[in-house]
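No lab work stands behind these numbers, since they all come straight from the coordinates. The model shown is predicted, which means the values in this text are computed figures rather than measured ones. Virtual Cβ from ideal backbone geometry, glycine too; neighbours counted across all protein chains shown.
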Amino acid sequence: MMATAVFLGGIGGMIGGTAMAYTPAATWVAWNQTYTTANTINIQGQVWGQWNQIYYQGTNVVSGAYTANQPPPTEEEIRIATARAEDARKQAAAAQVRAEALLLEHLDPHQRESYRKDKLFIVETRKKNRYQLSHARQPRKLDGTKEVVSYCIHTYGVPREDELLGFKLLLEANEDEFLKTANATRLAA
Amino acid sequence: MSTGTMCVMTGAGDTKILWDSSNRVEVDAARDHFNDLVKKRYLAFKAEGREGTRGSQIRDFDPNLERIIMVPPSVGG
């Protein structure tokens, strides 16, 4: 919070050894200069680097790393956080088991074998178009064995296996709706 | 009499809602749940059999269906 006063208060200071006024304009010039670079890692590093190098303490500008004055977590807090994380992990694992069982129930024997082996399966639509649904990648349209189009489509808030079953059902029942929803990228020949 | 199942996809895996097609209270409760989900833009599919039989999209609740799968709406990325 002290550092905010430095940037907004119009008080002189040092950045990188150069005297400058801490006006909002100067601050945003610095921000924008770094923001326009293509390297996002540098953007974050430079902005927060400057933030940390100079901050305000009372009426004095102080150089050095700003450290939040927060006490370390107690053993009880660590125990609770660890238990919550473990509980969340177990729930996610259980959800995935349920979702995979539901998916496998709705695959034909060939698709089921393919999914168990490679975590992917092929769906053929009423229009005889063929799509590959994979656990690891976005859906692909196939021309023979060649991938010709990739589709960016998501169903948020459900395990991946449920998402794949949803895509399968939608492709089989309403391919046009699937194509209307997904963003398509034609793959290089 | 037949038993229907509605599988609702959630973050915890699917939740199953069962009804006896001859029990009006159960059918009404299942229909209400179905309609609530459709209002939330869930897609409803009927799936007959468990061997990957091709399903189809439905708009209205039918208590005589063996299995309905409710899928949350998808979005383009």
| Which FRET efficiency value, to the nearest 0.05, is calculated for A:ALA92 and A:ASN183 with the Förster distance at 25 angstrom and r the Cβ-Cβ distance? | 0.40
| query | Given H placed 1.01 Å from N in the peptide plane, which residues other than close sequence neighbours of B:ILE58 have an amide H under 5 Å from its amide H? | reply | B:ALA44, B:PHE45, B:LYS46
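For B:11-18, what's the mean count of beta carbons from other chains sitting within 10 Å of each residue's beta carbon?
Shielding by partners across B:11-18 averages 6.
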| remark: To the nearest 10 degrees, the tilt of helix B:24-39 (Cα long axis) against the first principal axis of the alpha carbons of chain B is 10 degrees
| task | Could you rank the peptides B:5-14, A:101-110, A:179-188, B:35-44 by their average count of other C-beta atoms within 10 Å per residue, with the highest value first? | result | B:5-14, A:101-110, B:35-44, A:179-188
| task | Could you give me the radius of gyration and the Dmax of chain B, taking only the C-alpha atoms into account and expressing both in angstrom? | result | 12.3, 44
| request: Specify, per residue and in Å³, the volume enclosed by the convex hull of the alpha carbon atoms belonging to region B:1-41. | output: 56 Å³
| What nm distance separates the two modelled labels at A:HIS135 and A:ASN69, each placed 7 Å from Cα along Cα→Cβ? | 5.1 nm
| said: Can you tell me the mean projection area, over all orientations, of the convex hull of region A:101-186's alpha carbons? Units nm², please. | reply: 5.4 nm²
| message | 7 Å from Cα along Cα→Cβ at both A:TYR156 and B:LEU18: what's the point-to-point distance in nm? | response | 3.4 nm
| message | How high is the relative contact order of region A:81-189? Use alpha-carbon pairs under 8 Å, at least six apart in sequence, and give a whole percent. | response | 23 percent
